[in-house]
Amino acid sequence: MNWQLLGPLLVTTTVAIGGWFIGHALTKSRERQAEWRKEKLTHYKEYFAALAGVVGSHATDETRKRYAIAFNTVGLFASQEVIERLHSYQEITRLGASEVPLAEHNKRLTRLAFAMRQDLRLKPNDKEESFSFFLISAQANNQPPINKGCITGSLSDPADFPSSWG
């Protein structure tokens, strides 16, 4: 055997095959991460859609049920920081709407929305100190939407949910 020809050929082949395996593994990893972010985005969107349904005076048993399901589902996909901020936000919504200070409500909601955006690695990167988020509620009689901020009723008091929920 001619090792002067075979040696470099084996090294080149080994490097090429190794490079292919590493490239394939990295590509699969990126694909899994992209799919995971897509799944998180779907659940975060559902959470905020459900939350919008319980803002203002239009909350119904069905919208509260949708919110509870979305809240419980987010924990399966969210980062630890999102879960902590979600719980912090939920603590303030346990109070009745008249007991919730709007500034504190919006602060916690902003922190939650910011954590979700960070978890999704949205670009460009937001700055927490200048990031702002609040909810609006549709008004009757063609009035413009206002920063309602607060949720009607308590979202954690079992008395606010239909008895059919168990």
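Only the coordinates and a few stated rules stand behind these numbers; no lab work does. What you see is a predicted model, and the numbers here were worked out from it, not measured in a lab.
Taking θ as phi - 60° and the Karplus parameters 6.51, -1.76 and 1.60, the scalar couplings of the stretch 77-92 work out to 10, 7, 6, 4, 5, 4, 4, 4, 6, 5, 5, 4, 5, 5, 4, 6 Hz in sequence order, x denoting glycine and proline.
Would you mind classifying the stretch 39-138 by shape? Square roots of the alpha carbon gyration tensor eigenvalues, ordered a ≥ b ≥ c; an a/c under 1.5 is rounded, otherwise it is prolate if a/b is larger than b/c and oblate if not. List each step's numbers first, then the result.
Working: a/c = 1.75, a/b = 1.27, b/c = 1.38.
Because a/c hits 1.5 or more and a/b fails to exceed b/c, the stretch 39-138 counts as oblate.
Taking the alpha-carbon centroid of each part, what is the distance from the stretch 25-86 to the stretch 92-139 in angstrom? Taking the Cα centre of the stretch 92-139 as reference, the centre of the stretch 25-86 is 14 Å away.
With the cut-off at 1.5 for a/c, could you classify the stretch 17-73 from its C-alpha gyration tensor as rounded, prolate or oblate? Since a/c reaches 1.5 and a/b is larger than b/c, the shape of the stretch 17-73 is classed as prolate.
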